[in-house]
Amino acid sequence: MIMQLAVNGLIDGLFFALMGLGFSIILEGMDLFNFAHGAFYMVGGYITYLVIKNVTPNPIIAIMFSIIIAFIFGYVVDLLMLRPIRRRGGEGWALAGLIGLLSLSVVLENLAILVFGAEYKGVPPYVRGNVVIGGVIIDLQRAVSALIAVMLILLIYLFFKKTKYGRAMRALAQNKELAEMSGVSPGIMYPMIFGLGVCLAAAAGSLLSPLYYVSPTIGAFPGLMAFIVVIVSGLGSIGGLILTGILFGIINSFTAFFYSSEWGYLIAFTIAIMVITFRPKGLFGVRRE
Amino acid sequence: MRSFLSLRDLVIKNWIFIIILLGLLIPLITSDQYILHILILSFILATLGASWDMLTGYGGLFSFGHQAFYAIGGYASAIICINYGISPWLGLLIGGLSALLASLVISYPVLRLRGPYIALVTLAFSLVIYEAITIFRDLTGGPSGLWGIPTFTPIDLGIIKITFEYTNRTSYYYLAYALLIINLIFLKIFVESKYGLRLRVIKESEEVAETLGIDTIKYKLVAVLISAFISGLTGAFYAHYIQLLSPEVAWVSTMLDIVLATMLGGFMTIYGAFAGSLVISFLKEYFRVIGQLRLVIYGLILILIIIATPSGLLKEMIVKILSFKKKVKVKNV
């Protein structure tokens, strides 16, 4: 039983890490707390639902589709909403952006209720069956989704290490002035960073849609967990992020089994307060103080 | 022409009193309980907004957890009044004090952190409170809500007896209005005082404040405590007015209302939240007919405000109207 809970938590944790990775890309690159992360998770779920229902039952295409749409959507949101706030500048930018993004999530949630209704929509699982390894039952759908999540995290890692754009984004995150001097234009990079961050949230929503139902408010807690995972882990270490994600996944699966899922969130938020108070740069943070 | 100008001068100089008077007259003009109800809710929001404006606008401590103080005040007062039969009038004080105690706990990180980290830690705090309300259902009623909160006991003044009933909300109206006006005046005096001035120095630069010999921790702590006390008091009033509490009061949407009201009315004005909350409360109520679209429009308005005029839409409009005379003067010079 203990092993079963640990494995469940580990798999859930990988999704937290995927969500958190998107959150931290935006936080690191743009100095912005993306409080609409959960809303983008929900958007990813609905796009998957629409594609599988109306276009093709192929899950890979549905996931790709939701990632691409979310990227474009994030790009446009940055151009229309975040850029004007950024232009006005000042140190209040992060706070104004935060309020703007929270309002955006209100708009998206209620649009979803208007368009799809408040009821839950089911996405059929595309892999059925279980595997039993050493007494631990693993749902294959869950395992496949987790595998794709790990692949996405690896892809992002390679993107940041190897490609021109990835390196430009890292340069921008480390030192804006120096990056600008070396020819990295923030005006071009910021919308891309935001798009990249939110498309990971949408990917998580898309991957989890066959496991949980899709509903307008489904993103609220995954979004908060992304924020908590990033706060606790700190910036600059993908490994730390995955570890923290898994830690919270395991905490959640154990507390949900022995008490209730609310206890899991309560513990997670309390840990976050402790970490912000005593170690603001996070457990694994390498930059910032 | 002359008399017209002096009338305007009179209005400009004494606009606070004129607005206070107008507010006092409203229950005499209308006995529509629905309008009174919306006004009471808007007064509650305005009090919260003003206390948030003091802490965030003047103190520079960006709280994103005022809904927690509000909920703590409401729940503490309600639970104590239900279980121990204490008068709800005392409950108001209990609500304020319990929020103050809670703010003492959270002030430890808040006073040491800066900028967005304060927003994060207060947000996490409010989420802890939200989850705690959901978990301890024996005490709080959990997600299904806390029912049967007693309302205010009648006051016997000898000549007249003031009763608090749902069928006639006039007395609730005056109570909410009194709370609002007292808090607005108190907060305005506070931010204009030496204390408020020092708080603004700290907001501009903590280093400068420290070289001037200002005890930054002390001044920030006082601001946090006052703001939390007022929020808790307001929460207690809300609990005894509505007589039903659900965990949603501690949810982020309450904070969004506070931010929207303050931003709409004018940041760093104290009074701004009053104007903003009036607009919002009526918009929210009259948009009910269009159902879910209401919240979509609500969010879009907030986004537009953030993009266009972060210092406050109504404030800029009023300043433009009132500064007409000043502009003429400038031309003469």
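None of the figures in this text is laboratory data; all of them are computed from the coordinates on show. Keep in mind that what you see is a predicted model, and the values were worked out from it rather than measured. Neighbour counts run over all protein chains shown; Cβ positions are idealised from the backbone, glycine included.
Below is a table of values for the structure above.
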quantity	calculated
Segments A:254-261, B:176-183 sorted - mean Cβ within 10 Å per residue, highest first	B:176-183, A:254-261
q = 0.17 Å⁻¹: log10 I(q)/I(0) that the Debye formula gives for segment B:1-129, counting C-alpha atoms only	-1.01
Ranked by how many other beta carbons lie within 10 Å on average, peptides B:21-32, A:214-225 from highest	A:214-225, B:21-32
Mean projected area (nm²) of the alpha-carbon convex hull when the protein assembly as shown is viewed from all directions	33.6 nm²
Rounded to 10°, Cα long-axis angle of helix A:164-174 versus longest principal axis of chain A	70 degrees
Chain A: calculated mean residue ellipticity at 222 nm from DSSP helix runs of at least 4, using -39500 (n - 2.57)	-24000 deg cm²/dmol
Cβ neighbours within 10 Å from other chains - mean over B:62-70	1
Point-charge dipole on Cβ atoms (K/R +1, D/E -1) for segment A:10-216, about Cα centre, debye to 20	460 debye
Span from the segment B:238-263 Cα centroid across to the segment A:186-257 one, whole angstrom	27 Å
Pairwise label distance in nanometres, A:M181 with B:S205, each label 7 Å out on the Cα-Cβ vector	2.4 nm
Chain A: mean projected area of Cα convex hull, nm²	15.3 nm²
Equivalent ellipsoid semi-axes, chain B, via Cα gyration tensor eigenvalues times 5, rooted, Å	32, 27, 20
Ranked list, fewest to most other Cβ atoms within 10 Å of each Cβ, for A:K53, B:K284, A:K161, B:K194	B:K194, A:K161, A:K53, B:K284
Rounded FRET efficiency, nearest 0.05, which uses the C-beta distance separating B:L104 from A:I72 and R0 of 51 Å	0.60
Electrostatic dipole magnitude of segment B:33-251 [Cβ: Lys, Arg +1; Asp, Glu -1; Cα centre; debye, to 20]	220 debye
Calculated FRET efficiency for the pair B:L283/A:A143, C-beta based, R₀ 41 Å, to 0.05	0.25
Highest-fluctuation residue, B:I106, B:I160, B:I230 considered, GNM on chain B with Cα pairs under 10 Å	B:I160
Sites matching chymotrypsin sites (Phe, Trp or Tyr not before Pro) across segment A:16-77 that sit in DSSP coil, with at most 12 neighbouring C-beta atoms within 10 Å	none
Ellipticity estimate at 222 nm from DSSP helix runs (n ≥ 4, -39,500 (n - 2.57)) divided over chain B, nearest 500	-24500 deg cm²/dmol
Positive-end extreme of charge dipole, the protein assembly as shown - chosen from A:M151, B:I133, B:I217 (charges on Cβ)	B:I217
Under the span-like rule (Cα at least 30 Å along the axis, Kyte-Doolittle mean at least 0.0), DSSP H helices of chain B	B:88-112, B:170-192, B:216-242
Gaussian network model of chain B, springs between alpha carbon atoms under 10 Å - residue of B:S193, B:S42, B:S126 with greatest fluctuation	B:S193
Average other protein chain Cβ within 10 Å of Cβ, residues A:148-158	0
Length released on extending from A:N58 to A:Y120, taking residue separation times 0.36 nm less the Cα-Cα span	20.2 nm
